[in-house]
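Every read-out reported here was derived from the displayed coordinates using simple, explicitly stated rules and does not represent laboratory data. Just so we're clear, the structure is a prediction, and the values are computed from it rather than from any experiment. Cβ sites come from the backbone with ideal geometry, for glycine too, and all protein chains shown count toward neighbours.
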Amino acid sequence: MTTATPPKQNRRPKTRHGSDRVPHAAKLYHNLVPAYQALWPAVAGRNIRSAIASVDMPDGASVLEVGVGTGLALPFYPKNIRLTGIDLSEAMLAEAETLIQRRGWDHMSVRPMNAEHLEFDDNQFDVVTSFHTVSVVSDPEKMMREIVRVCRPGGRILIVNHFRSENPLIARVVDSAGNVTRRLGWRTDLELQEIVHELPIRVDARYKPSPFSFFTIMQATCKPDQVSV
Ligand SMILES: C[S@@+](CC[C@H](N)C(=O)[O-])C[C@H]1O[C@@H](n2cnc3c(N)ncnc32)[C@H](O)[C@@H]1O
């Protein structure tokens, strides 16, 4: 698979109504790219690396990363897979594209797409990952339903994100920061249970990368009841 750069006019993300108006998240992340590149890798890189290392990705596995951003996670995947990354923000994707081309990773490609309306067939991917995106999209439950739809039965889902603490005291303190983080398009009050409870998945692991980490890593198996034995 090659990293084709789609023609400029096709790279503009569509809204859910198919119009050409660029959604809020795309504009926001367009403006944030420089700050994001400077600060975010130090905050998030290590968690993503260890999360990816914890999931088996066999030779030739087809992997989808939802909300690939600037491609922070791309160096951490094994080289024997085929990866597609999607994101709503053209500016973020341009950074990911540059990284892919610079490193000559012809097993990876990125394209503009809305996580809430994935343009893929059902059961298309062996592994679907998403890092720090589910609390940014406007409808997290819809994004999760889409992830499950495109992941094959028995496939793996890997999510790294901040979720509301189960400790009420910590949850209240973090909730109070919500007014600030919402301006960055980022909810702090999303509960993991809220987005997984009705999905046909089995949560295999849910843990913090370190005791005081803000983030949670979740690994799940997709549609385990449909796996033929
Ligand atoms: C906090 S960033 C995380 C990026 C990357 N996963 C990382 O960890 O560095 C959130 C990303 O979600 C993207 N995003 C927001 N809403 C989206 C949507 N509806 N569909 C696809 N991507 C979206 C933003 O453009 C941004 O790149």
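The table for this structure:
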item: Residues whose placed amide H lies under 5 Å from that of Gly85, excluding near-sequence neighbours; result: Glu65, Ser109, Val110, Arg111
item: Packing-based exposure ordering (other Cβ within 10 Å, fewest first) of Val33, Val68, Val127, Val148; result: Val33, Val148, Val127, Val68
item: Nonlocal amide H pairs with Arg164, under 5 Å, H built at 1.01 Å; result: Leu190, Glu191, Leu192
item: Pairwise FRET efficiency - Arg202 versus Ser176, Cβ, R0 = 35 Å, nearest 0.05; result: 0.55
item: Local net charge near His197, Cβ-Cβ under 11 Å (Lys/Arg +1, Asp/Glu -1); result: -4
item: Computed lengthening from Thr98 to Phe76, 0.36 nm per intervening residue step minus Cα-Cα distance; result: 6.3 nm
item: Set of aspartates and glutamates near Lys223 by C-alpha distance (under 14 Å), chain-local residues within fewer than 8 positions excluded; result: Asp122, Asp126, Glu146, Glu198, Asp204
